[in-house]
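Please read the structure below before turning to the comments.
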Amino acid sequence: MIEDMTIRKFAPKTQHDYVQRVKEFAAFLGRSPDVAKAEYVRGFRLHLASCGAGTPKINATVSALRFLFNVTLDRPDLAKQLAFMHEPRKVPIVLSPEEVALSRGCTEHQVQGGAVLRDDCEMRRGLGVVDAPPAAFAKASAPLDLYPGEALA
């Protein structure tokens, strides 16, 4: 198996990881992997899942065993038993501009003033009153020290 990986120029870490995964499979079987049967492969997958192995470890094991069965042992019938797991993507936490500003220590008036000024500039640009690129209003989204009753200069 190491020779097959060397021929294909696998990185040393990849080779080490593949050998470790195959060793775990052989330890589970209690014999050499070249005598494995489809039910042993399925049993090993169940073993990994019941031991609490995460998706990355299971997928690394699938890659190593697929290589072993397809390339080294020329037993593609066993490799068909091995499918990758898909982990659902986690939805990122997205903060509103107000939440970001408040988390940075801005006061509520600073946040409201910045939003009002930014919205006003974008509206004027859309109406053609101000003919400037959007980058010109980048500073408008920064917090301002505005308090009720104050006017913009």
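The values are calculated or read from the model by the stated rules, or taken from the named source; none is laboratory data. Just so it is clear, the model here is predicted, and its values are computed rather than measured. Backbone-built Cβ (ideal geometry, glycine too); neighbour counts: all protein chains shown. Heavy atoms of the whole protein, side chains included, go into the accessibility calculation; ligands, DNA and RNA do not. Shrake-Rupley method; radii C 1.70, N 1.55, O 1.52, S 1.80 Å.
Structure above, values below:
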| read-out | value |
| --- | --- |
| Test: residue in the range 79-91 that is at negative phi and either open to solvent by less than 40 Å² (accessible area, probe 1.4 Å) or modelled with pLDDT of 90 or more (or both) | yes |
| Residue count, the range 25-59 (criterion: within 27 Å of the chain's Cα centre (by Cα) and either among the aliphatic types (A, V, I, L, M) or surrounded by fewer than 18 Cβ atoms within 10 Å (Cβ to Cβ) (or both)) | 14 |
